[in-house]
């Protein structure tokens, strides 16, 4: 596989990484000085501007999946994958983000919630429901694994090192400094990473302009010559983008629910008042549209590698983007893009470490050890992060050597189950009054059972053979969850009305 292996470029990569690490550590140290308890770690003490928080959200919501892994799906399966990942899922996600963030913040601020699990527990007055939601958030470790794998693919090629040392370095550095910074440093580091991602996104999207000006054949004609199904709205040969339901309906449903993740929906709680909500959302939405579109670069990569081979070897889906960057661009531009791609993943990695460790510490461990408070909780949180780091290295290495098509499948399966289970409790809690915990809890359990039942039971014709699409399982689970929650809610209110009479 190609890399930036010339001695001069190798030195330049190391220098760039050291400078980047130095800048990140500066903000971490600055934030750590004001982080004295778990409340500071979770929501911060600084007065962040709405624009800064919007930048942070956009950086955290689009990760190594968007910039490194997902372009590989587009390279493999063409326009159908682009429509799924860059059009219909973002439409659902952006609409949901706008609607949900305002309501979540309004209620979350009133009850002083710091995590989704805490929000749900307070909203439904149920400690057991809070604990259940907290355990579900652990499924987001699969997303951390995806990011770690994507970053390893880029860094190992840039530094010409084996995967395991690159993986270990990424995890130890990022998890190490996240033990101390928390929200006080997260917004600043995410802001820097978001600005880097803007430049990287523009460079990547414009990198294929020559393909559109080819005198012999237009861009889409070149794709058709490689494989006519690359330009089709639905790719019947793919395991994930076969028809209207899979490309459009499922992705709209998943997009609406995808914001119900701990590192996304809770970001609005960093706003100190409601006045900045619109500016926060405008900044986030504009950048999200740009970032989601980056996956189009996968089509450029397919033209560059028409047979999905590099140096006579098959090009794995997860390695398409790193191969494109290190093959197509000049060494200097590749160097900048490598740093930018690393930033794209680290931004979300930071957000996930902060949100998941906070949930485990304040919602799970605190439930069993309520006397652990203040600085003790901070120490426990650091131990939690250390354990998360070890698990991440083990799971990521397994995905590097033996993936099921892509690490994206593992991540989607875990994350989709989590936010499918959170969707109805949050929806009912934000927009309905006097919702019984039975309705929200039964809907959530139904989502988990349906998601994993459909996925592992290979239910529906979509799941019968080959690689299974977690989006199918999630979309159906969300619909089943809505139905169960609505039925229980109606029965509860009907019973209550009859008792009152």
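Please treat every number below as a calculation from the coordinates, not as lab data. Note that this is a predicted model, so its numbers are computed, not measured. All Cβ positions, glycine included, derive from the backbone under ideal geometry; neighbour counts span all protein chains shown.
What to note about this one:
- Per-residue packing, averaged as other Cβ atoms within 10 Å, sorts the ranges 192-199, 144-151 into the order 144-151, 192-199, beginning with the highest.
- Ranked packing of 317-324, 457-464, 482-489, most packed first, by mean Cβ within 10 Å: 317-324, 482-489, 457-464
- Potential lengthening between residue 127 and residue 493 on full extension [0.36 nm per residue; Cα-Cα distance subtracted]: 129.5 nm
- Segment 274-330 and segment 388-440: distance between their alpha carbon centers, rounded to Å: 23 Å
- Annotation: the chain has a Kirkwood hydrodynamic radius of 23.0 angstrom, from the mean reciprocal C-alpha pair distance.
- Legend: calculated FRET efficiency, residue 383 to residue 226, from the Cβ-Cβ distance at R0 = 60 Å, rounded to 0.05, equals 0.75.
- Per-residue ellipticity at 222 nm, computed for the chain from helices alone with -39500 (n - 2.57) per DSSP H run of at least four residues, works out to -22500 deg cm²/dmol.
- Extended-chain gain in nm, criterion 0.36 nm per residue less alpha-carbon gap, residue 368 and residue 249: 38.7 nm
- Cα centroid separation, segment 192-248 to segment 133-161 (Å): 24 Å
- As a rough guide to protection, the peptides 66-77, 349-360 ranked by mean Cβ packing within 10 Å, highest first, stand as 66-77, 349-360.
- A simple spin-label model places pseudo-atoms 7 Å from Cα toward Cβ; at residue 309 and residue 199 they are separated by 3.8 nm.
- Label-to-label distance, nm, for residues given as residue 402 and residue 278 (7 Å Cα→Cβ offset): 5.5 nm
- A simple spin-label model places pseudo-atoms 7 Å from Cα toward Cβ; at residue 164 and residue 135 they are separated by 3.4 nm.
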